[in-house]
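A.B. asks: First the structure, which I've put down as structure tokens, then a few questions once you've had a look.
Derivation of every value follows stated rules applied to the coordinates shown; laboratory data play no part. Here the structure is a predicted model, which means the values were calculated and not measured. Quick reminder, even Gly has a Cβ in these numbers, built from the backbone with ideal geometry, and neighbours come from all protein chains shown.
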Amino acid sequence: MGQEKKKRIFISACEQSADAHCAALIRAVAKKTGDNIDGVGLGGQKMAQARCDILADVSKRAVMIYNAFGKVGYYYKILKQVRDYFKSHRVDLVIVCDSPAFNFHVAKIGKRAGAGVLYYVAPQLWAWAPWRIWKLRKRCDKLACILPFEEKWFAGRGIDAKFVGNPLFDDMTIKVDKDCMKYAGYDPARAKILLLPGSRAAEIRLLWPAMQRIAGRISDRWGGVKFTAIAVDEEKLRMLKENVTGPVEYEYTTSEVTTEAKKADFALVASGSATLQVAAAGCPMVIMYQSSRILWHLVGKWLTRTRYLSLVNILARGELVNEFMPYFTSTEPISGKCVRLIASKNRLIRQSRELVNLVEPLARGNASDNVAEMALEMMDKGGRYFPL
């Protein structure tokens, strides 16, 4: 008998976070199959290091919605490359991770080629444009959700959905510090404050100047406060260092967010997955984000279906932390909230406990292993889903 051909998974990850999640998924699949499945697709350096054949590195091309139009030509070329690949190669399963604006197209290509489609990290249709659910139903066979409430929401709309845990916490053990010992002897005049202006260049350009103004206000109140700014990589670290204004001095790091947040008393965070990592460390925070004022009033606020926009408050079903999303003019209201929270040890302790208790359920189980099991099960059942 001839040797059975390896099965092939095509993976699409357009964000740096998705690149990391899919790299962990690839390693989980390899561990379960003994490297008997080939991985190919769109991703970044981490997926390549996990022995995935990368057709194009799109992980650093992520853009915010209001400056995405200039990238249309680039992504059109990438999609043509994906179509050409499917025409000349057999693919047994397609896994798309997050980024629905692009990955809905990749999923469509996969479905037309007869491959099963697994969507990892559910698109946040419960918050933005829920009418797109018909597109998700048509273009994916199974959905791996990373927020607990999503399984019921999507299942109620005809999607085969499963909560798999949150990949941010796959390598993390969360311990609830009931005594909040990090605030023993706390003095706001010597507070350690973390600044997270985002992982994308566009986010940094918008949020880093504003965060510096807020840091300046805090420093005016307490001159001994220490500020540490986190960047996702060395390139973003240079962006931060090269765009400093004002007299405040900063330390810089590319360390893992939760590791740094455990050492901090307070954080000012750009909205996104980093808020959950900060919450896991029990670090109180204020969340902020910026947008185009015109597009927000014309489109954004009409598409929004949730009262709160930050993941922390969505999970809490209320304003556990102050969020300013978006803000358009003065940073004074944000500065005021930060100063009041930093000044109150009791408020810091209370929010610290609430944050850790909120995210602890997300860390139960291992998302990468659970999604790997879903992928292998889909392929074991025949793998290839032929459209009607």
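A.B. asks: Along the range 141-150, what does the Karplus equation 6.51 cos²θ - 1.76 cosθ + 1.60 (θ = phi - 60°) give for ³J(HN,Hα), rounded to whole Hz, x for Gly and Pro?
C.D. replies: 9, 9, 10, 9, 9, 10, 10, x, 6, 5
A.B. asks: Separate question: Please give the helix 16-33 orientation as an angle from the longest Cα principal axis of the chain, in degrees from 0 to 90, rounded to the nearest 10.
C.D. replies: Rounded to the nearest ten degrees, it is 50.
A.B. asks: Given an 8 Å cut-off on Cα distances and at least 6 residues of separation, report the relative contact order of the range 16-131 as a percent.
C.D. replies: Relative contact order comes out at 18 percent.
A.B. asks: Given axes a ≥ b ≥ c from the Cα gyration tensor, I'd like to know whether the range 206-267 is rounded (a/c under 1.5), prolate (a/b larger than b/c) or oblate.
C.D. replies: oblate
A.B. asks: Using a basic spin-label model with each label point 7 Å from the Cα along Cα→Cβ, how many nm lie between Asp171 and Lys5?
C.D. replies: Modelled inter-label distance: 3.5 nm.
A.B. asks: Express the relative contact order of the chain as a whole percentage, based on alpha carbon pairs under 8 Å and six or more residues apart in sequence.
C.D. replies: It rounds to 18 percent for the chain.
A.B. asks: Here is a follow-up. For Ala184 and Lys32, what is the calculated FRET efficiency with R₀ set at 41 Å and r taken between the beta-carbons, to the nearest 0.05?
C.D. replies: Efficiency computed from Cβ-Cβ geometry: 0.40.
A.B. asks: If you take the square roots of the eigenvalues of the alpha-carbon gyration tensor of the range 181-362 and sort them as a ≥ b ≥ c, do you get rounded (a/c under 1.5), prolate (a/b over b/c) or oblate?
C.D. replies: rounded
A.B. asks: On full extension of the chain, what length is gained from Gln45 through Ser88, given 0.36 nm per residue of separation minus the C-alpha to C-alpha distance?
C.D. replies: 13.0 nm
A.B. asks: Take every Cα pair under 8 Å in the range 128-234 that's 6+ residues apart, average their separations, divide by the length, and report that relative contact order as a whole percent.
C.D. replies: 21
A.B. asks: Now for a separate question. What area, in nm² and to one decimal, does the C-alpha convex hull of the chain cast on average over all directions?
C.D. replies: Projected area, direction-averaged: 19.7 nm².
A.B. asks: Taking only Cα atoms, what is the 0 to 90° angle, nearest 10, from helix 332-343's long axis to the longest principal axis of the chain?
C.D. replies: 70
A.B. asks: Specify the longest stretch of the chain that does not include any exposed loop site, a site being one of the GluC sites (Glu not before Pro) with a non-H, G, I, E, B DSSP assignment and at most 10 other Cβ atoms within 10 Å.
C.D. replies: Within the chain, the longest run free of exposed GluC sites (Glu not before Pro) spans 5-248.
A.B. asks: About the Cα centre, and with charges only on the beta carbon of Lys, Arg (+1) and Asp, Glu (-1), how big is the dipole of the chain? Nearest 20 debye, please.
C.D. replies: Value, rounded to 20: 1120 debye.
A.B. asks: Calculated FRET efficiency, Lys226 and Arg340, Cβ-Cβ r, R0 22 Å, to nearest 0.05?
C.D. replies: 0.70
A.B. asks: Let me ask you something else. Would you mind checking Lys46/Lys226; Lys263/Lys345; Lys60/Lys262; Lys5/Lys138; Lys6/Lys138; Lys6/Lys32 for any pair whose Cα atoms are more than 26 angstrom apart?
C.D. replies: Result: Lys46/Lys226; Lys60/Lys262; Lys5/Lys138; Lys6/Lys138 exceed 26 Å.
A.B. asks: Something else: When a/c is below 1.5 the answer is rounded, else prolate if a/b is larger than b/c, else oblate, so apply that to the range 194-241 with a ≥ b ≥ c taken from the square roots of the Cα gyration tensor eigenvalues.
C.D. replies: Here the range 194-241 falls in the prolate category.
A.B. asks: Something else now. How much length, in nm to one decimal, is gained on full extension between Arg364 and Glu251, taken as 0.36 nm per residue of separation minus their Cα-Cα distance?
C.D. replies: Net length gain for the segment: 37.3 nm.
A.B. asks: Alpha carbon centre of the range 196-218 versus the range 232-274: separation in Å?
C.D. replies: Their Cα centres are 9 Å away from one another.
A.B. asks: Taking neighbour Cβ counts within 10 Å as the exposure measure, how do His21, His89 sort from fewest upward?
C.D. replies: Ranked by crowding around the Cβ, least crowded first: His89, His21.
A.B. asks: Oh, and also: Round to the nearest 10 and give me the degree value, 0 to 90, for the angle of helix 201-221's Cα axis relative to the longest principal axis of the chain.
C.D. replies: For 201-221 against the chain, the angle is about 20 degrees.
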